[in-house]
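J.: Please read through the structure below; I'll follow up with questions.
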Amino acid sequence: MPDTFMESALKEAENAAVRGEVPVGAVVVSSSGEVLAQAGNRTEQDADPTAHAEILALRAAAAKLGSPRLMECDLYVTLEPCAMCAAAISFARVRRVVFAAYDPKGGAVEHGPRFFEQPTCHHAPEIIGGVEEQRAANMLKDFFASRR
């Protein structure tokens, strides 16, 4: 099943790229395997610096469940979450984060502030990185190469 969920996240990333957005996609899945929400980046479209795929998917999943807590949910995302998204993941109490490409420059899970390892972090989810890493990394490289 996880491959199917990451595949959905990658499709959201592809759709974001078509819209001129940085190709990042995210999917929130319940413990029963139901896709609760999925989104791609919309920062340009919405003129909103917080419209990262993870934030949008978390908001939609919380609205669907009628709860700000997503304790029995997993988040699949195509890029290592940034600090803003890591904080949202922590506040939402997401059970597990599965991400594709590592982000040495902007990532906050395995790089930078390592948000979930900080003593001030309220909740640290299980982390699985590198799932479909090359595919997601190539999508990002191709996107930025086409912009230069």
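The values are calculated or read from the model by the stated rules, or taken from the named source; none is laboratory data. Model, not experiment: these values are computed from the prediction. Positions of Cβ are backbone-derived with ideal geometry, glycine not excepted, and every protein chain shown enters the neighbour counts. Accessible surface is based on the protein model in full, side chains and every heavy atom, while ligands, DNA and RNA are left aside. Shrake-Rupley method; radii C 1.70, N 1.55, O 1.52, S 1.80 Å.
J.: Just checking, does segment 71-91 include any residue being charged (D, E, K, R) and out of contact with any strand residue (DSSP E or B) (no Cβ under 8 Å at 6 or more places or on another chain)? Even if it seems obvious, please write down each step before you answer.
T.: Taking segment 71-91 and keeping what is charged (D, E, K, R), we get 72, 74, 80.
Cutting the leftovers down to out of contact with any strand residue (DSSP E or B) (no Cβ under 8 Å at 6 or more places or on another chain) gives us none.
The answer is no; no qualifying residue exists.
J.: Could you give every pair whose Cβ atoms fall below 9 Å, whose first residue belongs to segment 119-148 and is in a loop (DSSP other than H, G, I, E, B), and whose second residue is open to solvent by 40 Å² or more (accessible area, probe 1.4 Å) and of a type in the set (Asp, Glu), counting only separations of at least 6 or pairs across chains?
T.: Once the first residue is in a loop (DSSP other than H, G, I, E, B) and sits in segment 119-148, its partners that are open to solvent by 40 Å² or more (accessible area, probe 1.4 Å) and of a type in the set (Asp, Glu) give ALA124/GLU117; GLY129/GLU110; VAL131/ASP3; GLU132/ASP3; GLU132/GLU7.
J.: Continuing with this model, one more query. Looking at segment 78-89, can you tell me whether even one residue there is open to solvent by less than 60 Å² (accessible area, probe 1.4 Å), out of contact with any helix residue (DSSP H, G or I) (no Cβ under 6 Å at 6 or more places or on another chain), touching a residue at least 24 places away in the same chain (Cβ under 8 Å) and in a strand (DSSP E or B)?
T.: Yes, there is a match, as at least one residue in segment 78-89 is open to solvent by less than 60 Å² (accessible area, probe 1.4 Å), out of contact with any helix residue (DSSP H, G or I) (no Cβ under 6 Å at 6 or more places or on another chain), touching a residue at least 24 places away in the same chain (Cβ under 8 Å) and in a strand (DSSP E or B).
J.: Hey, among VAL98, VAL109, VAL131, which residue is within 20 Å of SER32 (Cβ to Cβ), buried (at least 18 other Cβ atoms within 10 Å of the Cβ) and β-branched (Val, Ile, Thr)? Steps first, answer last, please.
T.: On the way: VAL109 fails: within 20 Å of SER32 (Cβ to Cβ); VAL131 fails: within 20 Å of SER32 (Cβ to Cβ).
Exactly one of VAL98, VAL109, VAL131 is within 20 Å of SER32 (Cβ to Cβ), buried (at least 18 other Cβ atoms within 10 Å of the Cβ) and β-branched (Val, Ile, Thr), namely VAL98.
J.: Condition first: touching a residue at least 60 places away in the same chain (Cβ under 8 Å), closer than 20 Å to GLU7 by Cα and open to solvent by 30 Å² or more (accessible area, probe 1.4 Å). Can you find one or more residues in segment 41-63 that meet it?
T.: Within segment 41-63, the subset touching a residue at least 60 places away in the same chain (Cβ under 8 Å) is none.
Checked segment 41-63: no residue is touching a residue at least 60 places away in the same chain (Cβ under 8 Å), closer than 20 Å to GLU7 by Cα and open to solvent by 30 Å² or more (accessible area, probe 1.4 Å).
J.: Turning to a different aspect of this structure: Filter segment 1-45 for residues that are of a type in the set (A, V, I, L, M, F, W, C), under 22 Å from GLY130 (Cα atoms) and in a helix (DSSP H, G or I) and give the result.
T.: Initial filter on segment 1-45 (of a type in the set (A, V, I, L, M, F, W, C)): 1, 5-6, 9-10, 13, 16-18, 22, 24, 26-29, 35-37, 39.
Subset that is under 22 Å from GLY130 (Cα atoms): 1, 5-6, 9-10, 13, 16-17, 22, 24, 26-29, 35, 37, 39.
If the condition is that a residue be of a type in the set (A, V, I, L, M, F, W, C), under 22 Å from GLY130 (Cα atoms) and in a helix (DSSP H, G or I), then PHE5, MET6, ALA9, LEU10, ALA13, ALA16, ALA17 are the ones that fit.
J.: Quick check, is ALA100 under 11 Å from the mean Cα position of the chain (by Cα), over 18 Å from ALA60 (Cβ atoms) and either of a type in the set (Val, Ile, Thr) or part of a helix (DSSP H, G or I) (or both)? Can you show your working first?
T.: On the way: under 11 Å from the mean Cα position of the chain (by Cα): yes; over 18 Å from ALA60 (Cβ atoms): yes; either of a type in the set (Val, Ile, Thr) or part of a helix (DSSP H, G or I) (or both): no.
Taking the combined requirement at face value, the residue does not satisfy it.
J.: Next up: Counting only residues that are of a type outside the set (D, E, K, R) and part of a strand (DSSP E or B), how many does segment 66-77 have? Break it down stepwise before answering.
T.: Start the filter on segment 66-77 by keeping residues that are of a type outside the set (D, E, K, R), which leaves 66-68, 70-71, 73, 75-77.
Next, only the ones that are part of a strand (DSSP E or B) stay: 73, 75-77.
Final tally of qualifying residues: 4.
J.: Give segment 46-65 a look and list any residue that's acidic (Asp, Glu) and assigned to a loop (DSSP other than H, G, I, E, B), or say none. Steps first, answer last, please.
T.: At the first step, the residues of segment 46-65 found to be acidic (Asp, Glu) are 46, 48, 54.
Correct list: ASP48 only.
J.: Spot the failing condition for VAL27; the list is (1) farther than 24 Å from ALA145 by Cβ; (2) open to solvent by 30 Å² or more (accessible area, probe 1.4 Å), and only one is missed.
T.: So VAL27 meets the others, but not (2).
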